[in-house]
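Below: the structure, in structure tokens.
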Amino acid sequence: MRRIVIVGAGIIGATLAARLAGAGADVTLVDARRPGTATSATSLAWLNANQKLPRHYHDYSVRAMHEWRELMDGFGRPDWYVPTGGLSWAESDSDRRRLAERLDRLRDWGYPAVELTPRQAVELEPALRVPGTALVASFPAEGYVHGRPAVDAFVTRARAAGARVVVTGGDVLVEAGAGGVSAVRLPDGGRLDADVYVSCAGWRTGRLLEPLGVVVPIVPGDAPGSSAPCVVTRVAGPGTHSPVGRLVHPPGLSLRPALGGGLQLEAGDLNDLVDVHTTQEDLDRHGETLLRRAERVIPGLAARPIENVRCFRPLPVDGHPLTGWLPTLPNTYLIVSHSGMTLAPLLARHAATEILDGTDHDELAAYRLTRFATSELGPSPTATSPTPIAGTAGRSRPAPSRSS
């Protein structure tokens, strides 16, 4: 039985643990915190292939959306998976042109994308105020996920298949030797030995692997001015239900129903103002701005912010996933993706095949670390061992999308 240690218990680590344990592997899932309580709990978690370019990335995302739908039958169609579709509209001339071009491209590619009148949009979502001059698009195949219960469900499935979950409460150390990674050392001094080590460390991936001599082209989340952090606001209304039933993208805002009622809000321009040093006072101020924008879109919202949090997004520099065996650490496998919520189940299925069978999966060929030339990555740092990694493991801004 192959022993596998997965470092990082977000949606990618959890889905991979469930897939590997279900195939008979001896799996240990490690994180500093309870699984699913970091990025997976706070992200927009938009299931889509809406703005995924080029075509191969779009197509892979479409297959991932199908993977979600097929998996959900086995979970009894849970309420944390919400495939209610998406709605977007544009008002300025430039935004209308861009949305029209996107509609044309997506329809050419066979993606469900429908132009609606503003009246039709309000018939779908009666609480919304949609200007009569707006260009409106509906994307009925899209949806979203409540991240924390989704991770809980996959971890429960992994445990039922024999996986162990280790919550360290602090930093772990990864030790490496001539043959690759040799162990993961826990804060209490315990060691986890395995045949294969998998990095699912999200935005902390660089902190995990770069000291071992692997340069990972990912935006460092904890650097001043980094684009990885964003602000996410949750607002509650007078009742337990959300005023909308799907993910909605009006100008300057993204919103969707929040877990337990209310709304979750985010906006790209406000994300640009957030980094690791942004104070809670400033996060709360951004939350008030998001609420004001939501009130313009949903008249009579009567909501109040109950949580304004910083979410750290994993951002490979070209926006595409990084997957596969590491050339200089041959027993170590990497998975990191900005669009982790959409891609996680399909990435887990394909990665599990590579880890257990030793074969290369054709669909992952475009997402290898080796697509970056050495000159693009810069010099590889000197490896050190052991390496501390917290929790798992001017602006550098690659223009992240709001997709998940």
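What follows is calculated from the coordinates using simple rules that are stated; it is not laboratory data. Please read all numbers here as calculations on a predicted model, not as lab measurements. So basically every Cβ, Gly included, is an ideal-geometry build from the backbone, and we count neighbours across all protein chains shown.
For the pair residue 114 and residue 133, label points projected 7 Å from Cα toward Cβ lie 2.7 nm apart.
log10 I(q)/I(0), Debye, Cα-only the range 18-74, no solvent, q = 0.15, 0.17, 0.25, 0.29 Å⁻¹? Normalising to I(0) and taking log10 leaves -0.72, -0.88, -1.04, -1.04. With neighbour counts taken as other beta-carbon atoms within 10 Å, the residues 203, 109, 80 rank, fewest first, as 109, 80, 203. How large is the translational diffusion coefficient of the range 234-283 in µm² per second when you combine the Kirkwood radius over alpha carbon pairs with Stokes-Einstein at 37 °C and 0.692 mPa s? For these conditions, the coefficient is 271 µm²/s. Near the amide H of residue 174, within less than 5 Å, lie the amide hydrogens of 185, 387, 389, all on another chain or at least 5 residues away, with H placed in the peptide plane. Can you compute the FRET efficiency between residue 77 and residue 331 using 1/(1 + (r/R0)^6), with r the Cβ-Cβ distance and R0 = 41 Å? Round to the nearest 0.05. Given R0 = 41 Å and the Cβ-Cβ separation, E is 0.60.
How many angstrom lie between the Cα centre of the range 96-129 and the Cα centre of the range 181-206? When both Cα centres are located, 45 Å separates them.
In the neighborhood of residue 287, defined by Cβ-to-Cβ distances under 15 Å, what is the net charge if each Lys or Arg adds +1 and each Asp or Glu adds -1? All intermediate terms of the calculation are to be shown ahead of the outcome.
Numbers: positive: 234, 285, 292, 293, 304, 310; negative: 266, 269, 281, 282, 284, 288, 295, 307.
Local net charge: -2.
Residue-wise HN-Hα couplings along the range 177-182, as the Karplus relation 6.51 cos²θ - 1.76 cosθ + 1.60 with θ = phi - 60° gives them from phi, are x, 5, x, x, 5, 10 Hz; Gly and Pro carry x. With the simple model of a label 7 Å out from the Cα in the direction of the Cβ, residue 92 to residue 277 spans 2.9 nm. Among beta bridges from DSSP that stay inside the chain, the antiparallel ones total about 70%.
Using only alpha-carbon positions, what ratio does the radius of gyration of the chain give when scaled by 2.2 N^0.38 Å?
Details: Rg = 21.0 Å, N = 404, 2.2 N^0.38 = 21.5 Å.
The reported ratio for this selection is 0.98.
Between residue 195 and residue 370, the contour length at 0.36 nm per residue exceeds the alpha carbon distance by 60.7 nm. Protection proxy ranking, highest mean first, for peptides 92-103, 16-27, 250-261: 16-27, 250-261, 92-103, where packing is the per-residue count of other beta-carbon atoms within 10 Å, averaged. Put simply, the amide H of residue 252, placed in the peptide plane, has no neighbours under 5 Å, leaving out anything fewer than 5 places away on its chain. Using the 10 angstrom Cβ neighbour count as an exposure proxy, how do 372, 139 rank, fewest first? If I rank by nearby Cβ atoms, fewest first, I get 372, 139. On the beta carbon distance between residue 156 and residue 353, with R0 = 22 Å, the FRET formula returns roughly 0.45. Here residue 222 and residue 53 are evaluated by their C-beta separation; at R0 = 30 Å the FRET efficiency comes out at 0.60.
Just rank 200, 230, fewest to most, by other beta-carbon atoms within 10 angstrom. Kindly include the intermediate steps, with their values, before the conclusion.
Working: 200 34, 230 26.
Exposure proxy ranking, most exposed first: 230, 200.
The slack in the chain from residue 284 to residue 70, taken as 0.36 nm per residue of separation less the alpha-carbon distance, amounts to 73.1 nm. Karplus-derived 3J(HN,Hα) values for the range 296-309, using 6.51 cos²θ - 1.76 cosθ + 1.60 with θ = phi - 60°, are 6, 7, 10, x, x, 4, 6, 10, 9, x, 10, 6, 10, 10 Hz; glycine and proline are entered as x. A simple rule links phi to the HN-Hα coupling: the Karplus curve 6.51 cos²θ - 1.76 cosθ + 1.60 with θ = phi - 60°, which for the range 135-150 gives 8, 10, 10, 10, 10, x, 7, 8, x, 8, 10, 7, x, 5, x, 5 Hz, with x for Gly and Pro.
As a ratio to 2.2 N^0.38 Å, the alpha-carbon radius of gyration computed for the range 73-157 takes the value 1.36. For the pair residue 307 and residue 167, the difference between a 0.36 nm per residue extended length and the Cα-Cα distance amounts to 47.9 nm.
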